[in-house]
Each structure stands twice: as C-alpha cells, then as structure tokens.
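J.: Pasting a structure here, questions to come.
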Amino acid sequence: MKKILASLIGILCTVGAVRAQVNISFEPALHGQTLEGLTMAQVVNAGPRDLMGSFRILVKDGMGRTVVNVYLEEFPLRQGANRLQRNMLSNSTLRFGESTAVPMLSQTGRFPEGEFEYCFQYLEKGFKPDPEIHENCYHQTILPATPLLLIDPYNGDEICNTRPSFSWQPPVPVTPDTRYRIVVAPIADKQDAATALAQNKPLINIADLRQQFITYPPQVPDLVQGQSYAWQVFVHSRDLVITRSEIWRFTVKCDTAVQEKDSYREAKPVLEGSYYLAKKVLHFSFNNPYKGGKLDYSIIDLSDPLTPIKKLPKAHMQTGVNLIDLRLESNSSFIEGHHYLLKIHNVGSTELVLKFTYAD
C-alpha cells in the first residue's frame, strides 16, 4: 500500500512539474498593434520531452470585452524555444467579439488606440478529460508612436500665395495600405475652423493620397484675398478612418510692404509667424552657443518637400549671434512666389527652422 501511495505521489509531482514547464513570452509594445504581430510570441518548452497540442490567443479590450479569439492548428512543441510562424495565421480560425475595436481590426488588421489584454494559451494533449492549459497574459495601452501633424500652411499663417501647397507629417507606424484625405474649406464670418469644415462646402476634398503633400489642384479656383480657410488631413485604411490631424486655419493676405535689406528673420526650433519675404537674398539670424565652423543647412520647396534643393551657397557660423546672407538668385530652383523651408542642422542637438517666400 505504501509503495502504491508513493508511486501516486511521484506521478502527481511529475504532472505538476510538466504543467509548470511551458512559458509563453510576448512583447505587446512591439507586436501588439497588429493581428499579424500576435504570431510573434515565443513558446519555451523546458520539459524533458516534446509536447503536442494546439494554441489559442484571446485578446480583450480595457472593458473586458472580447476583441478576437485566434485558434491555431495543432502543432508539436519541441524542447527549448519555439517561435510561432506567421503563416499559421492564414490557417487559423478567427472569431471576432463584441468590442468596439473589432471594426477597425477586422478591416485593417490593426488594433485601434486603447487598453488591451493579450492571453496566450497552449493546450497540451494527453490529459483527460480536458487538455492541460499553459497560459501567460500581457497588458498594453496602444498609443500612436507619433501623431499626424500638419506642417504647411502653418496655423494662423497669413500667406500671399493663392495656390499654396499643403504638407503634413504622417503618423508612425505607416502601413503599405495607408492613404490620406485632405479637406480645405472657407471660413465664414463668426465661424470657427471646426464649424467651417463641418458645415461649409469644401474647396478641396481629395482622398486616396499616398504622399504626405499635395500641390494646389489645377481644377480648383484660386484662393480669395482676405479670406480665411480651415484645413485638416485624415489617415484612412480602405474605408476606415484611423486617425485625423488637428484643424488649422490660415488667411490669404498679401503684404505689399517693402522688405528692408537689414531686416533679418530669426531661425528658431519651432515654426512660427508668417512667411519671411526673401528678395533674391535670404537674410536670417540665429544664436550658436557652440564652436563655430561650416554651417550645415538645407532648403526644401514646400510644393515638393521630398526633394531638397541642391547647389546651395556655402556659409560659415561663429560662436554667438550670426547674421547670414544667402544669395539665391543664381539658383534656378528658387521660383517666384513659392514657399520654402530652411533647416539648420548643426547648432547643438536642436534643428532650427525658418519659412520664407522667394521673390525676384
């Protein structure tokens, strides 16, 4: 009798040891934003033998509602570390739940912003009547790494260009199926920008854009002198809006005042104010608290922000306040009435910027 009891105790201890020898690791901050990323889990079998079983992934939102159940086909779990394969997802069974995150996930394969719980279960065969379940759960709050940011025309700007280009910085990460939609609408008297976009007929409403800028559409009438406009950009995947930018406003207002030669506009870490008018020569200033040397700078045409202008004049900076004069008239890349952005790259760790309009 004592031998039988000892044998039973040994078996139970062995079973208990097996139960504790499967561990599932997952990094939700890296892989928890997409459905495909769920297969980036690692399953470690620290037991003395290979196991056989199936795999289940359960994702719930912050309210405890089911987002998705993923059932993978049965597969062997070898001793040591095992990586799930991405092609397992194509052969899996997906069952979406009642969470408000479901529409976006089912249409785009991406989880929206919010809190989520990811539970990974390996259902080991060989236990009756039910399989032994090895489970590890993880929590993660999904936030956009960077928001969708408007660049130009800047909020509150007064511009003279009646056919401006529009540019923005995309959110990160960007998927291959990411598209943009831009809406520009006039602002009536006593209206705010949000109301104008919601109620007024848009002057520009273009979707399915792949690039992060748009030149003024040729079929759209010129903007009106003295009129204010609101604009906003949306990010969508297929027919679902993923995120949207802030709403900015600008006014078309041409200042005919003559630019004085000794007037210098300061380059700063953030864009501010209206466009500086550079008549053949760009006069700008900045403070350099570091060692002097060659000035590392670039200029882009905001109608084509992906192509920096080449063959710019060389310039040097000194320690302290710098007053720089860049002669631009000999460079054919500078076009009358176009808007440009100057970037200074080597004053400490902060990039200095200045926007200007070129004039002959």
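The values are calculated or read from the model by the stated rules, or taken from the named source; none is laboratory data. As the structure is a computational prediction, the values presented were derived from the model and not from experiment. As a convention, Cβ positions derive from the backbone with ideal geometry for all residues, glycine included, and neighbour counts pool all protein chains shown. What goes into the accessible areas is simple: the full protein's heavy atoms, side chains included, and nothing from ligands, DNA or RNA. Shrake-Rupley method; radii C 1.70, N 1.55, O 1.52, S 1.80 Å.
J.: Leaving out ligands, DNA and RNA, what percent of the accessible area of the range 90-187 is carbon and sulfur, probe 1.4 Å?
T.: Details: 2470 of 4750 Å².
That fraction is 52 percent.
J.: Same structure, new question: Which of [x] 1.11; [y] 1.18; [z] 0.97 is the computed Rg/Rh (Cα atoms, Kirkwood Rh) for the structure on display?
T.: Here Rg/Rh (Cα atoms, Kirkwood Rh) agrees with entry [y].
J.: Compute the long axis of helix 2-19 from its Cα atoms, compare it with the longest principal axis of the Cα atoms of the chain, and write down the angle in degrees, 0 to 90, nearest 10.
T.: 10
J.: What is the ratio of the Cα radius of gyration of the range 195-315 to 2.2 N^0.38 Å, with N the residue count, to two decimals? Before the final figure, lay out the partial values.
T.: Values: Rg = 18.8 Å, N = 121, 2.2 N^0.38 = 13.6 Å.
Relative to the 2.2 N^0.38 Å estimate, the range 195-315 comes out at 1.38.
J.: Let me ask something additional. Evaluate the relative contact order of the chain (contact order divided by residue number), counting alpha-carbon pairs under 8 angstrom at least 6 apart; express in whole percent. Could you put the intermediate results ahead of the total?
T.: Working: 781 pairs, mean separation 42.6, N = 360.
Result for the chain is 12 percent.
J.: Could you list the square roots of 5 times each eigenvalue of the Cα gyration tensor of the range 278-354, that is, the equivalent ellipsoid semi-axes, sorted largest first and rounded to whole Å?
T.: Values: eigenvalues 100, 36, 22 Å².
Sorted largest first and rounded, they come to 22, 13, 10 Å.
J.: Provide the packing ranking of 226-234, 246-254, i.e. peptides ordered by the mean count of other C-beta atoms within 10 Å per residue, highest first. Spell out each step's value before the answer.
T.: Details: 226-234: 20.2, 246-254: 17.9.
In descending order of packing, they fall as 226-234, 246-254.
J.: Also, quick follow-up: Once fully extended, how much extra length lies between residue 224 and residue 158, figured as 0.36 nm per residue of separation less the alpha-carbon to alpha-carbon distance? Present the calculation step by step, with values, prior to reporting the outcome.
T.: Numbers: separation 66, 0.36 × 66 = 23.76 nm, distance 1.23 nm.
Answer, rounded to one decimal: 22.5 nm.
J.: Over the range 264-311, what is the relative contact order in whole percent, taking alpha-carbon pairs under 8 Å and six or more residues apart?
T.: The normalised contact order for the range 264-311 reaches 29 percent.
J.: On full extension of the chain, what length is gained from residue 137 through residue 96, given 0.36 nm per residue of separation minus the C-alpha to C-alpha distance?
T.: Details: separation 41, 0.36 × 41 = 14.76 nm, distance 1.86 nm.
Gain on stretching residue 137 to residue 96: 12.9 nm.
J.: OK, next. Need the C-alpha centroid separation for the range 35-95 versus the range 315-360, integer Å.
T.: One Cα centre to the other: 54 Å.
J.: If you don't mind, there's one more thing I want to ask. Holding the Cα-Cα limit at 29 Å, pick out from 291/311; 253/311; 294/355 the pairs that are longer than that.
T.: 253/311
J.: So, one more: Can you tell me the accessible area per residue over the range 270-340, all protein chains present, probe 1.4 angstrom, in square angstrom?
T.: Details: 3990 Å² over 71 residues.
Per-residue accessible area for the range 270-340 comes out at 56 Å².
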